[in-house]
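Here the structure comes first, spelled out in structure tokens, and everything after it is commentary.
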């Protein structure tokens with residue numbers, strides 16, 4: 001006879017416990033998560049707001065197409081502005097998803113289970129948003145496909161030594177793999193939706209999307225192996241993509257850019273900003289969908305520790321940049337960093353330092369780590385701080401290069417701001433549509449951390465047995 | 001082929017039934033489970049998944065292609081810079097790596113589909129929507145003369161429902 005052993009679980013106290021004490025059985029997981037798919041007035045309202053923001057951005061882009069790039073705030077030699085800043089910002093946001101779903105999967109970090117689907121979807125939509133910006137930034141955006149190597153009549157090929165072509169490969173690979181990772185993980189959950197669906201049309205659509213998944217042990221075995229290998233290749237991919245994005249800067253001999261610290265600095269910043277966006281999204285979702293017993297305070301606490309760690313790595317990188325400028329002894333570098341923090345761009349640099357280095361230090365307090373309201377407010381500061389980090393990287397370098405006669409300033413115009421707002425509309429529109437059609441918490445993986453129903457329970461110690469309920473495998 | 005399906009509410013009952021079915025060699029056993037459980041895997045004792053080979057060979061093919069495209073294009077249309085290699089393998093490692101990941105990952109998914117038998121247009125015999133919710137199913141495919149023994153064995157281990165299917 002098989003006896004299945006379980007440790008009795010403790011209530012949701014402050015600990016590293018990432019199990020779900022308030023979830024009784026598999027059926028409850030189905031019911032609770034499928035309940036999030038019902039549309040509400042608040043959802044429609046948010047969707048309309050997102051579409052309105054998108055319409056504003058689209059209108060501004062069409063105006064720019066008609067008038068030319070001069071309507072954006074470019075001021076030579078500052079020829080990279082809000083579009084490149086926002087591109088790097090969204091690519092960075094896209095990093096936390098794969099970090100949470102792939103890297104934490106390989107590390108067997110249990111707190112990822114209930115938040116990774118949300119983070120994966122965020123990744124796909126963030127990379128979709130990021131991919132638009134190099135195209136918006138082009139003078140002739142309809143020629144963007146020239147960057148893709150394809151056989152053509154004129155026998156022309158892109159310059160493979162250019163970081164912009166590296167970007168095309170890195171971003172398109174990342175988008176493809178993130179989407180694949182998200183969809184493969186969704187297949188068993190779509191099968192659950194298919195089996196619970198009563199509307200015949202929706203049921204047929206879900207049956208098609210689930211590929212006829214039947215939950216056999218054979219399917220799960222190959223699924224688990226494929227998922228592991230996808231996670232294994234996604235992990236270096238995450239690190240490579242933002243490294244490649246950092247090469248866009250580091251390959252140029254420009255003060256503040258030409259440094260070998262850029263790849264790890266960018267990767268840490270990307271993961272930090274992504275975790276910030278995960279908090280921005282997951283905290284309202286757990287409240288509105290009443291998922292507090294799935295995304296528990298312990299999960300948020302663990303994610304907050306990750307946020308604090310990455311914040312300190314980013315803070316360390318900021319300080320090392322200053323050290324390199326001082327120790328390198330290059331006058332242009334030293335002047336640039338002085339100008340960045342105490343000169344022309346002091347306000348942007350101090351927004352960055354306050355939001356990314358100083359405020360996250362509050363997460364050393366366990367009380368604040370376990371306070372969802374504070375985590376949400378902090379996440380907004382992190383989002384703002386990380387956008388300004390990219391502003392501080394892009395604009396001060398270009399406006400303060402080697403030749404003093406070239407020194408200038410930069411002010412974004414309404415077109416830049418509108419397209420920036422439009423990018424948030426585009427991102428949230430897709431995300432809101434996603435949360436209403438597909439489960440925002442992974443059903444099958446959540447079931448893995450819920451004890452199965454068993455007939456014969458074996459507990460580890462005699463004293464634990466006194467407090468144990470055999471039917472549910474749960475402590476009183 | 002005919003068979004018999006046992007429907008279990010508890011994991012350990014299903015594990016016991018599978019273990020004894022395997023021991024008795026009554027027929028091929030297919031297990032339905034709402035989520036992967038190592039207890040079931042131990043009971044079924046399946047062979048190792050070959051999906052990892054798709055990653056290996058797909059990834060290697062992708063890596064070779066990722067290096068080949070820029071090297072070939074650089075030689076086909078040389079942009080000569082004094083003292084610099086025309087086909088420079090250091091920056092081209094980015095393409096080698098990215099295409100390695102791309103083709104390797106897509107091959108892995110192809111391997112998953114091939115070996116898991118998806119996509120399929122019709123549901124398999126014996127499938128029940130309750131198996132995606134919280135219950136376990138054990139489908140034994142066996143000749144007619146062994147159906148009775150399989151059914152008795154499934155009932156003995158606590159199957160809440162046993163039915164014959166073809």
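The values are calculated or read from the model by the stated rules, or taken from the named source; none is laboratory data. Predicted model only: the values in this text are computed from it and were never measured. Here the Cβ is made from the backbone with ideal geometry for all residues, glycine too, and neighbour counts use every protein chain on show.
For this structure, a couple of remarks:
- Of the residues making up the range A:418-446, just one is surrounded by fewer than 22 Cβ atoms within 10 Å (Cβ to Cβ) and assigned to a loop (DSSP other than H, G, I, E, B), namely A:438.
- Of the residues in the range A:128-137, at least one is under 30 Å from residue B:80 (Cβ atoms) and over 16 Å from the mean Cα position of the chain (by Cα).
- Residue ID - nearest to the other protein chains (Cβ to nearest Cβ), chosen from residues in the range B:1-49 that are surrounded by fewer than 19 Cβ atoms within 10 Å (Cβ to Cβ), in contact (Cβ under 8 Å) with a residue 60 or more places away in the chain and not in a helix (DSSP H, G or I): B:9
- Given (1) touching a helix residue (DSSP H, G or I) at 6+ places or on another chain (Cβ under 7 Å); (2) within 7 Å of chain A (Cβ to nearest Cβ); (3) at pLDDT below 90, number of the condition residue B:164 does not satisfy: (2)
- Members of the range A:404-417 that are surrounded by fewer than 20 Cβ atoms within 10 Å (Cβ to Cβ) and assigned to a helix (DSSP H, G or I): A:404, A:405, A:406, A:414, A:417
- Condition broken by residue A:198, with the remaining ones in (1) within 30 Å of residue A:446 (Cβ to Cβ); (2) touching a helix residue (DSSP H, G or I) at 6+ places or on another chain (Cβ under 6 Å); (3) part of a loop (DSSP other than H, G, I, E, B) satisfied: (2)
- When residues in the range A:356-370 are screened for being surrounded by fewer than 14 Cβ atoms within 10 Å (Cβ to Cβ), assigned to a helix (DSSP H, G or I) and without any contact (Cβ under 8 Å) to a residue 24 or more places away in the chain, 1 of them pass.
- Inspection of the range B:77-95 finds a residue satisfying the criterion of being closer than 13 Å to residue A:237 by Cβ, touching a helix residue (DSSP H, G or I) at 6+ places or on another chain (Cβ under 6 Å) and facing chain A (nearest Cβ under 9 Å).
- Criterion (more than 8 Å from chain B (Cβ to nearest Cβ), within 30 Å of residue B:65 (Cα to Cα), at pLDDT below 90 and assigned to a helix (DSSP H, G or I)) met by exactly one of A:146, A:142: A:146
- Out of A:241, A:192, A:233, sole residue that is facing chain B (nearest Cβ under 8 Å) and under 24 Å from the mean Cα position of the chain (by Cα): A:233
- Pick from the range A:201-214, criterion in contact with a helix residue (DSSP H, G or I) (Cβ under 7 Å, 6 or more places away or on another chain) and surrounded by fewer than 23 Cβ atoms within 10 Å (Cβ to Cβ), ranking: nearest to the other protein chains (Cβ to nearest Cβ): A:211
- Taken over the range A:44-60, residues that are more than 11 Å from residue A:423 (Cα to Cα) and surrounded by 15 or more Cβ atoms within 10 Å (Cβ to Cβ) amount to 4.
- Residues (at pLDDT below 90 and on the phi < 0 side of the Ramachandran plot) located in the range B:118-132: B:118, B:119, B:120, B:121, B:122, B:123, B:124, B:125, B:127, B:128, B:129
- Residue check, residue A:177 touching a helix residue (DSSP H, G or I) at 6+ places or on another chain (Cβ under 6 Å) and either more than 9 Å from chain B (Cβ to nearest Cβ) or more than 22 Å from residue A:37 (Cα to Cα) (or both): yes
- Qualifying positions in the range B:108-135 - part of a helix (DSSP H, G or I) and either more than 18 Å from residue B:5 (Cβ to Cβ) or at the interface with chain A (Cβ under 7 Å from one of its Cβ atoms) (or both): B:108, B:109, B:110, B:111, B:112, B:113, B:114, B:115, B:116, B:129, B:131, B:132
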